[in-house]
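Participant: Structure in structure tokens, see below.
Read the figures in this text as sums done on the coordinates, not as results from a lab. In this text the structure is predicted, and so the values were computed from the model without any measurement. Neighbour counts run over all protein chains shown; Cβ positions are idealised from the backbone, glycine included.
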Amino acid sequence: MSYLTVGKENSGTIDLYYEDHGAGEPVVLVHGWPLSSKSWEKQVPVLLDAGYRVVAYDRRGFGNSAKPTFGYDYDTLAEDLHTLMTELDLTAATLVGFSMGGGEVARYLGTYGSDRVEKAVFISAIPPFLLKTSDNPEGVEGSVFDGIMESIAADRPAFLSGFLSNFYNVDVYGGDRVSDEVVRLSWNIAAAASPIGTLDCVSAWLTDFRGDLASIDVPVLVIHGDADRIVPFPASGKRIHGMVRESRLVVVEGGPHGITWTHAGEVNRALLDFVGEKAWPMEPVAGLS
């Protein structure tokens, strides 16, 4: 098992677990909340077969990484990603962020620039700014996030069951595109995460990434399901596409939040097409289902 140290808490180090497989141009996978790098199960083999070096890591507090009681803000999380990029000396990389992981990708590019990055992908991602404010009317009411935090604090395991049902739209795709066992696996991974980290990350979702997106100077692919119940497409993926000039939007018809599993074929095809392109077409392409 491979780890890199990103900090200390009292007598212990804060170590991130990562896996580094294959050869070729690197693709760095940044998972969503409250899962781990295991959630890329449908993407890693496809990328390896296509000849890429695949690096997937567990965010602090999740998976096999250390579970400190602090550092669940996006400045720190982007710094963790920066440490990974520099320690592994990754260059010409494609950063792929799913859901909360899209925040790390945006803040990384906004803070550290694109010297090591060739392309970026946002899948079911939370940017540009989820919180509804006077200058962000497309956002979500703050009371929604307050309710999530209250439910986590009251009974985290029970909350996770309901959350994952909506994550995969189990009422629509259960037994077809997603099995009970997949949902159970996701629950097991999520339940093993840091309770403090699970709760604190909710506040991080309210980060304003509009400035970060405006600074992006590499080609971007946005993939989002139009039936996403966790991160609504009109508030997120649609707007990312509108804010990044060199971006392509792929809308997965009927896709829930967890499209990396339920619609893995569509996601993988779009991802491979994008990563493999050497010449960037200026005309955005939309509407894959």
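Participant: Based solely on its DSSP helices, what 222 nm [θ] is calculated for the chain when runs of n ≥ 4 H residues each add -39,500 (n - 2.57) and the sum is averaged over all residues, nearest 500 deg cm²/dmol?
Facilitator: -11500 deg cm²/dmol
Participant: Along the Cα→Cβ direction, 7 angstrom out, place labels at S179 and M149. What is the inter-label distance in nm?
Facilitator: 3.9 nm
Participant: Stokes-Einstein D for the chain at 37 °C, 0.692 mPa s, Kirkwood Rh over Cα pairs, in µm²/s?
Facilitator: Numbers: Rh = 18.8 Å.
Stokes-Einstein gives a translational diffusion coefficient of 175 µm²/s.
Participant: Something else: Tell me, what is the Rg over Rh of region 1-152, with Rh the Kirkwood radius over Cα pairs?
Facilitator: Details: Rg = 15.9 Å, Rh = 16.2 Å.
Using only Cα positions, Rg/Rh for region 1-152 is 0.98.
Participant: Suppose every K and R has +1 on its Cβ and every D and E has -1 on its Cβ; what is the size of the dipole of region 17-101 about the Cα centre, in Debye to the nearest 20? Present the calculation step by step, with values, prior to reporting the outcome.
Facilitator: Numbers: 6 positive and 12 negative charges, 62 e Å.
Taking the Cα centre of region 17-101 as origin, the dipole is about 300 debye.
Participant: Then there is this: Along the charge dipole of the chain, pointing to its positive end and built from +1/-1 on Cβ of Lys, Arg, Asp and Glu, which listed residue (T91, L48, I14) has its Cα farthest out?
Facilitator: L48
Participant: Once amide H atoms are built 1.01 Å from N in the peptide plane, which residues 5 or more positions from V252, or in another chain, come under 5 Å H to H?
Facilitator: For V252, whose amide H was placed from the backbone, the distant partners under 5 Å are H224, G225, D226.
Participant: At 7 Å along Cα-to-Cβ for each site, give me the label-to-label distance between A214 and H21 in nm.
Facilitator: Result for the modelled spin labels: 4.1 nm.
Participant: Right, here's the next one. Please list the equivalent ellipsoid semi-axes of region 49-118, computed as the square roots of five times the alpha-carbon gyration tensor eigenvalues, in descending order and whole angstrom.
Facilitator: Numbers: eigenvalues 80, 44, 25 Å².
So the three semi-axes of region 49-118 are 20, 15, 11 Å.
Participant: Can you compute the charge dipole magnitude of the chain about its Cα centre, using +1 on each Lys and Arg Cβ and -1 on each Asp and Glu Cβ, nothing else charged? Give it in debye, rounded to the nearest 20.
Facilitator: Values: 22 positive and 39 negative charges, 33 e Å.
Dipole of the chain, to the nearest 20 debye: 160 debye.
Participant: Follow-up. Hey, can you grab everything whose amide H is under 5 Å from the amide H of Y72? Only 5+ residues off in sequence or another chain; H modelled, so Pro and N-termini drop out.
Facilitator: none
Participant: Go through region 84-94 residue by residue and turn each phi into a ³J(HN,Hα) via Karplus (6.51, -1.76, 1.60, θ = phi - 60°); whole Hz please, and just put x for glycine and proline.
Facilitator: 4, 4, 7, 5, 8, 6, 7, 9, 6, 8, 9
Participant: Output wanted: per-residue J couplings in Hz (rounded whole) for region 163-173, from phi through Karplus 6.51 cos²θ - 1.76 cosθ + 1.60, θ = phi - 60°, x for Gly and Pro.
Facilitator: Rounded to whole hertz, the list is 4, 5, 4, 7, 4, 9, 6, 4, 5, 9, 10.
Participant: Now a separate question. Which cross-chain or sequence-distant (5 or more) residues have an amide H under 5 Å from the amide H of V140, H modelled 1.01 Å from N in plane?
Facilitator: So V140 has HN proximity to L131, K132.
Participant: Next up: I want the antiparallel fraction of DSSP beta bridges within the chain, as a percent rounded to 5. Please report the intermediate quantities before stating the final value.
Facilitator: Values: 12 of 39 bridges.
Around 30 percent of the beta bridges assigned by DSSP in the chain are antiparallel ones.
Participant: Say the dipole of the chain comes from +1 at the beta carbon of Lys and Arg and -1 at that of Asp and Glu; which of A78, G113, V267 then lies farthest toward its positive end?
Facilitator: Going by the Cα projections, it comes out as V267.
Participant: Still on this model: Can you compute 3J(HN,Hα) from phi for each residue in region 183-192, using the Karplus curve 6.51 cos²θ - 1.76 cosθ + 1.60 with θ = phi - 60°, rounded to whole Hz and x for Gly and Pro?
Facilitator: 5, 5, 4, 4, 5, 4, 5, 5, 5, 7
Participant: Any chance you could list P(r) for region 67-157, counting all Cα-Cα pairs in 5 angstrom bins from zero, rounded to whole %?
Facilitator: Calculated over all Cα pairs of region 67-157, the distribution is 3, 12, 17, 20, 19, 13, 8, 6, 1 percent.
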